[in-house]
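The values are calculated or read from the model by the stated rules, or taken from the named source; none is laboratory data. A quick note: this is a predicted structure, and the numbers were derived from the prediction, not measured. Cβ coordinates were reconstructed from backbone atoms using ideal geometry, including for glycine residues, and neighbour counts include every protein chain displayed. All accessible areas refer to the heavy atoms of the entire protein, side chains included, with ligands and DNA or RNA removed. Shrake-Rupley method; radii C 1.70, N 1.55, O 1.52, S 1.80 Å.
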Amino acid sequence: MLEELKIRNFECGYANAVGVSADVTAGLDLAFPDAYKHCDTMATLAKAIQEHDGAGFCLLPFCRTVEIEAVGANVNFGDANTGPRPAAPICETPEDFLVLPAIDFSSGRIHEVLEACRLLVDAGETVCLELVGPWTQMQGLMEARKVVKMNRKQPELMLQVMNKIGDDLLRYVDEARTRGVQILMYSDSAGTLDILSPKIMAQTTREFTHPFMKRLVEHVGDAMVVQLCPKIAYALLDTGCAEERVFELERPVGFLEAALELRGQAKLLGQTCIMLPGVKIANGKIREIVLK
């Protein structure tokens with residue numbers, strides 16, 4: 001039974017990180033929040049963060065509001081310290097989600113994010129694009145308590161909304177692929193075991209995450225690899241939706257290097273958080289999440 005299922009958790013401080021360190025922005029000729037809105041300033045900021053953190057890759061975007069803004073959400077762009085965040089909800093009823101427009105990737109801030117990816121790739125950088133899952137997106141469009149109520153009272157409608165979000169994410173992946181993005185990071189900070197009950201986490205994993213991931217790997221191609229938030233990777237494994245396959249690299253290697261090396265062989269990785277700087281695979285073994 002779902003309520004008896006034991007899903008492992010992954011302790012990570014990145015999930016609630018917001019804003020940009022003052023150490024990063026101090027030497028940059030950027031005005032905030034305007035710097036969050038244009039491809040050239042986004043690229044400059046992403047490169048500066050990479051150099052400051054020693055990350056080895058440039059991460060875009062700098063918040064989890066890009067997808068929802070593209071369908072009409074209100075966004076408070078904040079400043080360098082706080083970063084963009086959801087403002088007043090625009091959805092009052094579950095049905096409101098279903099009439100939201102599909103994302104137009106040819107305009108707006110989401111287009112600027114994609115173009116910033118292209119600028120960085122053209123400059124020889126490794127680029128990671130973060131995709132935001134449905135629980136986080138829904139709670140940026142509607143009050144959290146109403147989202148929870150929708151899941152409880154109208155689960156079929158909830159799944160329709162999730163799949164609508166998933167459709168847009170797959171189109172986002174296609175756009176990212178044409179810009180040369182090498183890594184996709186999939187997270188859902190409002191849809192993890194820390195927030196949801198084990199029963200709802202298992203329900204989400206089986207009904208949405210598992211089938212969505214099957215669709216996602218079809219869109220990734222050989223040039224990209226998907227880094228799952230380990231919280232989601234554990235949920236896939238512990239609900240029986242996936243299993244691990246071990247790659248033997250036969251040498252200690254950085255996680256980023258290993259991930260890039262496995263493009264074309266592995267699609268989904270998730271044994272650690274890519275945002276933890278300097279993570280090493282000491283035993284040379286990296287685990288792929290293989291969907292059943």
Which of (1) at pLDDT below 95; (2) over 30 Å from S197 (Cβ atoms); (3) under 17 Å from the mean Cα position of the chain (by Cα) is the odd one out, the single condition G83 does not satisfy? (2)
Of all residues in segment 134-174 being not in a helix (DSSP H, G or I) and not charged (D, E, K, R), which is farthest from E92 (Cα to Cα)? Q154
For residues in segment 265-283 being within 20 Å of M213 (Cβ to Cβ) and open to solvent by less than 40 Å² (accessible area, probe 1.4 Å), which is modelled with the lowest pLDDT? I274
Are there any pairs with C-beta distances below 7 angstrom linking a residue in segment 116-135 that is charged (D, E, K, R) to a residue that is assigned to a helix (DSSP H, G or I) and surrounded by fewer than 21 Cβ atoms within 10 Å (Cβ to Cβ), with the two at least 6 apart or on different chains, and if so which? E125/K47
Which one of these does T205 not meet: (1) open to solvent by less than 60 Å² (accessible area, probe 1.4 Å); (2) without any contact (Cβ under 8 Å) to a residue 12 or more places away in the chain? (2)
Looking only at segment 36-81, and only at residues there that are without any contact (Cβ under 8 Å) to a residue 40 or more places away in the chain, assigned to a helix (DSSP H, G or I) and farther than 22 Å from S106 by Cβ, the one that is most open to solvent (accessible area, probe 1.4 Å): E51
Pairs under 7 Å by beta carbon, first residue without any contact (Cβ under 8 Å) to a residue 40 or more places away in the chain in segment 84-109, partner open to solvent by 50 Å² or more (accessible area, probe 1.4 Å) and in a loop (DSSP other than H, G, I, E, B), six or more apart or different chains? A87/N74; A88/N74
Yes or no: segment 171-178 includes at least one residue that is free of Cβ contacts under 8 Å to residues at least 40 places away in the same chain and among the charged types (D, E, K, R). no
E130: passes all of (1) acidic (D, E); (2) outside any helix (DSSP H, G or I); (3) over 17 Å from the mean Cα position of the chain (by Cα) but (3)
Does any residue in segment 219-236 that is in contact (Cβ under 8 Å) with a residue 60 or more places away in the chain and farther than 13 Å from D194 by Cα come within less than 7 Å, Cβ to Cβ, of a residue that is of a type in the set (G, A, S) and part of a helix (DSSP H, G or I) six or more places away or on a different chain, and which pairs are these? Q227/A259
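In segment 106-116, is there at least one residue being part of a loop (DSSP other than H, G, I, E, B), open to solvent by 10 Å² or more (accessible area, probe 1.4 Å) and of a type in the set (D, E)?
no
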With the structure loaded, tell me whether E95 is surrounded by fewer than 19 Cβ atoms within 10 Å (Cβ to Cβ) and either under 24 Å from I274 (Cα atoms) or touching a Ser or Thr at 6+ places or on another chain (Cβ under 6 Å) (or both) or whether it fails that test. no
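Return a yes/no flag: does segment 146-162 have any residue that is closer than 17 Å to H38 by Cα, surrounded by fewer than 22 Cβ atoms within 10 Å (Cβ to Cβ) and at pLDDT 95 or above.
no
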